[in-house]
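Scroll down for the structure; my scribbles are underneath it.
The values are calculated or read from the model by the stated rules, or taken from the named source; none is laboratory data. On a predicted model such as this, the values are computed, not experimentally measured, just so you know. As a convention, Cβ positions derive from the backbone with ideal geometry for all residues, glycine included, and neighbour counts pool all protein chains shown. With ligands, DNA and RNA removed, areas are computed over all heavy atoms of the protein, side chains included. Shrake-Rupley method; radii C 1.70, N 1.55, O 1.52, S 1.80 Å.
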Amino acid sequence: MTEVKLTVREKEIILLKKIKEGDKNAFIELIKPFRERLYRKALSMVKDADTAEDIVQDACIAGYKSIKNFRAESGVYTWLYRIVVNKSKDYLTKRNKNREKPIEDGESQYADEREGFEKKLELSDETSYLIGKINQLDEAYKQVIELRYFEEMSYSQIADYLGCNIGTVKSRLFKAKEMLKHMIMGDGKGGYYFGD
Amino acid sequence: MNQETERCHSKIEFCLIRTFSEVKKSQMRDVKLAESFNDRLFARLSEIPDEKETVTGKFLENFLLNKRLNYALAGSLAAIIAITIAYNSDLSQNFSEPSGVVQGNTRFIDQPSSQHFMTTVEETEFINGIKQKPDNLRLLQELEKYYLMNHKKQTAAEIREVINLVR
């Protein structure tokens with residue numbers, strides 16, 4: 001008997017149906033392919049392993065409770081990713097309110113810590129350099145770069161996540177690459193990256 | 001986008017893919033979710049009470065979510081309204097008489113109520129029936145005289161018309 005191969009989306013739809021019928025194991029199965037990615041995203045934002053795990057757990061619980069409202073068009077990962085990011089931001093906002101040192105205008109605690117976090121990973125000089133340049137971009141451009149090349153989202157998924165149209169996503173990506181090009185050339189590394 | 005820009009962007013894209021691939025590999029090596037994550041999540045999920053879907057609730061949810069059905073109903077409603085407006089406007093089209101005229105079927109035939117409305121076939125049979133007996137024609141003439149003497153000219157005129165058809 002020939003086994004029918006299901007696409008990722010088809011598997012998601014089958015699991016979602018089971019979850020709506022109260023199958024909790026189906027929910028565990030649903031998030032299995034991307035729970036690590038969600039955890040790494042939370043960790044990159046909050047910089048603490050236990051907190052990041054709590055955030056992912058909370059995001060999963062919130063997702064399970066609102067599963068009836070979930071429309072499969074945007075994909076499960078994009079949906080949970082949004083919840084994780086929002087919960088991480090809420091955590092950071094609450095934590096920053098309790099900080100002794102006030103955050104000055106223009107200072108982005110999140111961006112600084114993100115760069116510090118990546119420094120803890122063992123990365124090559126080239127990778128560290130490019131990460132540093134990406135972190136210097138404005139938030140809107142840094143975000144599309146991350147969603148496209150780190151989260152590997154499609155244009156439509158990015159558009160859905162950001163609440164804009166695909167044209168805007170492509171435009172921002174184009175501008176982000178242009179800015180990176182100018183920064184690299186400004187550092188005198190154009191020959192290395194774009195050399196003939 | 002010119003060729004030079006396209007070339008640079010392609011190289012940047014390649015570098016970005018390589019960069020983030022390295023970051024992910026490093027994270028997977030150095031950053032791992034606790035093994036108890038699933039057990040802990042399942043325990044928390046078990047605490048959430050199941051919402052039993054009632055038949056009515058499921059029906060309503062499917063009904064409201066059934067966009068095709070909603071569009072079909074909206075379309076039907078729009079068609080019914082359009083037809084109703086068109087029908088009503090058609091009825092009121094000839095209503096130009098002064099007040100006091102009862103609006104209704106304006107396509108009536110202006111005939112006295114005493115005259116039977118007959119089809120051509122019925123009329124022919126009626127006339128042929130009268131012709132069969134000569135006395136019938138005489139009776140019609142007497143009737144005409146009676147109505148004329150009683151000043152009922154309209155009725156007398158109608159009988160005259162029948163007499164003319166019989167002759």
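Quick notes on this structure:
- Average beta-carbon neighbours from other chains, 10 Å sphere, peptide B:21-30: 6
- Average other protein chain Cβ within 10 Å of Cβ, residues B:3-13: 4
- Entries of A:Lys68/B:Lys32; A:Lys24/A:Lys87; A:Lys181/B:Lys11; A:Lys65/B:Lys32; A:Lys32/A:Lys170 with Cα pairs more than 19 Å apart: A:Lys68/B:Lys32; A:Lys24/A:Lys87; A:Lys65/B:Lys32; A:Lys32/A:Lys170
- Among the listed pairs A:Lys47/A:Lys189; A:Lys41/B:Lys25; A:Lys18/B:Lys24; A:Lys94/B:Lys25; A:Lys41/A:Lys133; A:Lys97/A:Lys133, a Cα-Cα separation exceeding 22 Å is found for A:Lys47/A:Lys189; A:Lys18/B:Lys24; A:Lys94/B:Lys25; A:Lys97/A:Lys133.
- Spatial separation of Cα centroids for the stretch A:25-46 and the stretch A:161-182, in angstrom: 26
- Inter-chain neighbour count for B:79-87: the average number of beta-carbon atoms from partner chains within 10 Å of each residue's beta-carbon is 0.
- Placing +1 on the Cβ of every Lys and Arg and -1 on the Cβ of every Asp and Glu, with nothing else charged, gives the stretch A:155-196 a dipole about its Cα centre of roughly 60 debye.
- Listed peptides A:51-63, A:129-141 by packing density, highest first (mean Cβ within 10 Å): A:51-63, A:129-141
- Rounded to the nearest 10 Å², the accessible area of B:Arg40 at probe 1.4 Å: 90
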